[in-house]
Amino acid sequence: MKPIVTITVNPSIDQSTSVPNVIADRKLRCKPPVYEPGGGGINVSRVIRILGGETMAFYTAGGLTGQLFQELLDGTGIICYPVSIKDLTRMDLMVIEESTGRQYRFGMPGPLVREEEWQKLLTDLSNLDFRPDYVVASGSLPPGVPQDFYSLVAGICRKLGAKLIVDTSGSALVEAVNNGGIFMVKPNMSEMRDLIGKDIRDESHLESEARKIIESGKVEVLVISLGAAGALMVSRDGTQRVRAPTVNIVSKVGAGDSTVGGIVLSLTRGMPLIEAVRFGVATGSATVMTPGSQLCRREDVERLYSSMVAEKDNP
C-alpha cells in the first residue's frame, strides 16, 4: 500500500502538564511535562501509524526545538522529509487544572518561514518518486507563508494524480476552497462560517450552504465537525449525519486531526466514504479519551467503531 503523505508547514512540540490550581500572580508548581510532536499533518501521520498504516510526512523544523521535534518523531515509523528553517520550531503548552479538570491551551505563534524554505517543501513534494493516492495538508500557516499555500499544494496534487484533503482555518481555508481542486475539506462550525461568510441559522441552513460548496465543484466532500454530536458529511451523493459515540472527555487536543487520520486511512483500505467518515469519528472520539496531547489508542478506535456499526445496523 502506498504511504499517505502529510504536509505540516507549522508543526509544534506539544507540551502538556498539570497543576492543582491555576492562580494568577503565583508561582505554580507543575507536574513533570509530557512532550509530543504535534501540528495538523504530523498528528494525522501519528494516528495513521497508531492504526497500522504507512505514512510519509513533509514538515519544517528549525533550531534546537526542531532537533527535539525530530527526536520525538524518531521511532514512530513515520517516513520523515523535514525542511530545515532558520527560526525555531514552536512549542505549545497545555495545562490541566486538577481541582476542576479544566484544560488551558496556549498556542504559540509559528516561526518565520522564508520563501526559499516553504518553496523547498513544495519542491520536495513535487519530486516524489511515487504517485500517492492521498495527500493531507493540515494546520495553520506560520508567518512568511502565503495564504494561498494550500492552493499551491492542490496544483501539485493534480499533477501527481493525488486526492488532496485540507484541514485548516481562516483565510488559508477560504483561499484553498475558492481555488478548488480539493477532494475533501473538514471544517468545524466556526470554519464553515468563515467559508460562507455568514452566520449559520440552523442545521437545514448548514446543509444548504454545504451543498452550494459541493455544487460549485471546488470540493468533492465536506466533513463538517459537530463536536460531541459527530459529523455531517456532504457530497454529490447526498447528506449523511454520523453520530459520535458517548465517551468520557479527557482532552480534546488532536481530536480533529485524528478524525482526518481515521478517514484517510480507511479510504486507502477501500472503505466506502460514509464508513470511512464513521471510522474517522470513532478515531476522533477515541482521542478525546486520552490525556494531554496524547492521541488515540487502536483498541479504543476499533471498539468504538464496532459499537457505531452495531448501532447503525440495529437502530
Considering only the stretch 91-108, I want to know if a residue exists there that is closer than 14 Å to G38 by Cα, at pLDDT 95 or above, touching a helix residue (DSSP H, G or I) at 6+ places or on another chain (Cβ under 8 Å) and not in a helix (DSSP H, G or I). yes
Exercise. Within the stretch 34-52, is even one residue of a type outside the set (F, W, Y), open to solvent by 40 Å² or more (accessible area, probe 1.4 Å) and either modelled with pLDDT under 95 or part of a strand (DSSP E or B) (or both)?
Worked result: yes
Flagged pairs (Cβ under 8 angstrom, 6 or more apart or on separate chains; first in the stretch 175-198, within 24 Å of A162 (Cα to Cα) and in contact (Cβ under 8 Å) with a residue 24 or more places away in the chain; second among the acidic types (D, E) and in a helix (DSSP H, G or I)) are P187/D194
Those residues of the stretch 243-274 which are surrounded by 21 or more Cβ atoms within 10 Å (Cβ to Cβ) and free of Cβ contacts under 8 Å to residues at least 60 places away in the same chain amount to A244, A255, S266
Note on the stretch 253-303: residues part of a loop (DSSP other than H, G, I, E, B) and β-branched (V, I, T) are V253, V288, T290
Inset, instruction - Return a yes/no flag: does the stretch 110-130 have any residue that is surrounded by fewer than 12 Cβ atoms within 10 Å (Cβ to Cβ), touching a residue at least 60 places away in the same chain (Cβ under 8 Å) and not small (G, A, S). - result: yes
From the option list E203, E207, single residue qualifying as in contact with a Ser or Thr (Cβ under 7 Å, 6 or more places away or on another chain), of a type outside the set (K, R) and open to solvent by 10 Å² or more (accessible area, probe 1.4 Å) is E207
Pairing a residue in the stretch 154-168 that is buried (at least 23 other Cβ atoms within 10 Å of the Cβ) with any residue that is among the basic types (K, R), where Cβ atoms lie under 6 Å and the two sit 6 or more apart in sequence or on different chains, gives D167/K186
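The values are calculated or read from the model by the stated rules, or taken from the named source; none is laboratory data. From a predicted model like this one, the values you see are computed outputs, not experimental measurements. No Cβ is skipped: glycine too gets one built from the backbone with ideal geometry, and neighbour counts run over all protein chains shown. For the accessible areas, the whole protein counts, side chains as well, though only heavy atoms, and no ligand, DNA or RNA atoms are used. Shrake-Rupley method; radii C 1.70, N 1.55, O 1.52, S 1.80 Å.
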